[in-house]
Amino acid sequence: MIFSTLVTLLIVLLVFGLYRQLVIEQENQVEQHLATEMQRYQQLALTVDRRSFAAQIRAADPKTALIAWRNSVDMVGALSFVPDNMPLLPKTRDFPILTGGPDKLHILTGGIVMTHYGPMLIATRTDNLSALIEKFINAAFWAVAFTLGITLAVGFVFSKAILRRLVQYNLLSEKIEQGEYDTRLPVSHNQDEFDMLAGQFNRVLDTLEHNLMSVRGVTDNIAHDLRTPLSHLRIGIEQLPSKPAEQVPELTAMLLEELDHCLATFDAMLSLTRIEEGQQTLDKQPVSLQLLCEDLFEMAEVVAESKQQTLSLSVANDVTISGDKYLLFQALFNLVDNAIKYAPEDAEIKIVQTGRTVQIIDNGPGISDEDKERVFERLVRLDPSRHHKGTGLGLSMVKAILSRHHATIELKDNHPGLIVDIQF
């Protein structure tokens with residue numbers, strides 16, 4: 001209705017403007033025509049005698065102008081009378097006359113002109129103009145009515161189509177609200193505004209579903225990782241009173257170790273959240289990647305030797321970046337520690353720094369392609385038996401720290417083994 005009303009108002013204003021332009025143009029033409037005839041007859045009266053003047057009036061073409069002039073004897077011209085109260089040109093007045101033709105009543109517009117031989121009436125027919133304006137108004141009325149009908153019909157069709165899609169979206173949204181997060185809004189091939197909105201909404205749903213699955217996965221991993229130590233704690237505490245006094249300190253130390261492992265998991269999760277959300281302020285300072293890798297090598301070399309592994313360092317083209325040295329060292333050491341932990345004895349592990357690129361290379365078991373992104377999720381451990389002790393948050397922490405430093409990390413195959421490629 002609003003669309004139809006606006007379109008109709010626009011067309012009415014347009015038609016009214018055309019009507020006013022038509023009327024003004026016709027009035028100007030009539031005024032110019034009468035003014036021209038007035039000048040012509042005033043000049044004629046000054047140049048010819050009275051008889052020649054009368055002859056010129058009788059010979060005037062009635063299609064051009066209707067002239068009426070009273071000489072000393074009778075009326076001369078196309079009209080047989082001069083109406084009363086006619087104004088002097090350029091002012092005009094409309095008056096009717098009767099004729100013997102099929103159209104008996106004519107409407108004339110004219111005025112009095114003062115000439116050398118007295119007043120004379122100059123008029124022209126304007127009933128044709130009135131008929132033209134009447135036809136224009138009639139055509140404009142039907143055009144507006146037709147436009148109103150068309151806009152109402154088209155607006156109804158479009159509104160029904162839009163409303164149908166909105167109702168469909170509303171029903172699907174209710175399903176999503178009820179927990180059916182795999183529901184998606186339909187996207188047609190038209191690629192209109194609704195399809196763009198549906199596509200964006202579907203991407204939001206994809207992210208939401210992925211986050212929900214991640215939360216469920218984290219919950220399952222927490223339950224899996226903490227169930228065993230908590231069970232050990234419960235059993236140990238229940239059995240502690242019945243143990244001999246000399247065994248109590250040792251058993252207490254074991255229980256505390258289990259408890260520390262649980263607390264370490266929660267502390268790591270809190271630290272990870274602070275880093276990801278930007279709640280932990282970075283102590284930024286100039287950091288040399290070459291010196292950072294050298295410190296990393298010195299710290300990890302002893303750990304590698306304890307597993308009969310070879311750890312080597314290669315540095316070139318030193319680059320200084322701005323970052324938190326402690327967090328960066330923690331992230332890189334975690335990567336080297338993982339390589340040492342999962343690689344077998346006699347494995348070769350390399351730390352390579354070239355410009356802004358740092359690589360941790362090993363010839364261990366590597367990581368399958370489908371797990372290369374999953375390992376960065378919280379509490380994800382590729383060792384289902386939990387043979388290697390850990391929280392499952394190490395790589396998540398690494399990625400969060402590198403993201404805060406605007407660095408990227410990518411896992412590549414070494415055939416065999418793994419290449420951890422970091423770009424600062």
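The values are calculated or read from the model by the stated rules, or taken from the named source; none is laboratory data. Here the structure is a predicted model, which is why all the values come from computation and not from measurement. Heads up, the Cβs are rebuilt from the backbone with ideal geometry, glycines too, and the neighbour counts pull from every protein chain shown. In case anyone asks, the SASA skips ligands and DNA or RNA and just uses the protein heavy atoms, side chains included. Shrake-Rupley method; radii C 1.70, N 1.55, O 1.52, S 1.80 Å.
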Pairs returned, first residue in segment 113-124 that is open to solvent by 10 Å² or more (accessible area, probe 1.4 Å), second residue that is modelled with pLDDT of 90 or more and of a type in the set (Ser, Thr, Tyr), beta-carbon separation under 8 angstrom, 6 or more apart or interchain, are none
Selection from segment 47-61 of residues over 26 Å from PRO96 (Cβ atoms) and either under 60 Å from the mean Cα position of the chain (by Cα) or exposed (fewer than 15 other Cβ atoms within 10 Å of the Cβ) (or both) yields THR47, ASP49, ARG50, ARG51, SER52, ALA55
Of ARG227, ARG234, the only residue that is at pLDDT below 80 and of a type in the set (Lys, Arg) is ARG227
Taking first residues from segment 356-373 that are over 19 Å from ASP337 (Cβ atoms) and second residues anywhere that are in a helix (DSSP H, G or I) and at pLDDT 85 or above, the pairs with Cβ under 9 Å that are 6 or more apart or on different chains are ARG356/LEU289; THR357/LEU289
Matching residues in segment 62-112 (open to solvent by 30 Å² or more (accessible area, probe 1.4 Å) and among the β-branched types (Val, Ile, Thr)) number 6
(Q) Here is a check on your reading of the model: is ALA139 loosely packed, with under 13 Cβ neighbours inside 10 Å, out of contact with any His (no Cβ under 9 Å at 6 or more places or on another chain), under 30 Å from GLN29 (Cβ atoms) and of a type in the set (Gly, Ala, Ser)? (A) yes
ask   = Residue check: is GLY179 modelled with pLDDT of 85 or more and more than 23 Å from GLY17 (Cβ to Cβ)?
value = no
With the first residue restricted to segment 135-146 and required to be assigned to a helix (DSSP H, G or I), and the second required to be among the hydroxyl-bearing types (Ser, Thr, Tyr), Cβ contacts under 9 Å at 6 or more apart or on different chains are PHE136/TYR19; ILE137/TYR19; ALA140/TYR19; VAL144/THR8
message = Regarding segment 306-319, can at least one residue be identified that is open to solvent by 60 Å² or more (accessible area, probe 1.4 Å) and free of Cβ contacts under 8 Å to residues at least 24 places away in the same chain?
response = yes
Of the candidates LEU13, LEU9, LEU44, LEU18, the one satisfying the condition of being on the phi < 0 side of the Ramachandran plot, hydrophobic (A, V, I, L, M, F, W, C), in contact with a helix residue (DSSP H, G or I) (Cβ under 9 Å, 6 or more places away or on another chain) and exposed (fewer than 14 other Cβ atoms within 10 Å of the Cβ) is LEU18
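Looking at this structure, is THR252 β-branched (Val, Ile, Thr), modelled with pLDDT under 85 and out of contact with any Leu (no Cβ under 7 Å at 6 or more places or on another chain)?
So THR252 does not fit the description; no.
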Here the residues within segment 172-196 that are of a type outside the set (S, T, N, Q), under 22 Å from LEU212 (Cα atoms) and part of a helix (DSSP H, G or I) are LEU172, GLU174, LYS175, ILE176, GLU177
Check: Taking VAL167, is it of a type in the set (Val, Ile, Thr) and exposed (fewer than 11 other Cβ atoms within 10 Å of the Cβ)?
Finding: yes
- In this structure, is GLY155 of a type outside the set (A, V, I, L, M, F, W, C), open to solvent by less than 90 Å² (accessible area, probe 1.4 Å) and at positive phi? no
Test result for GLU174, at pLDDT 85 or above and open to solvent by 50 Å² or more (accessible area, probe 1.4 Å)
yes
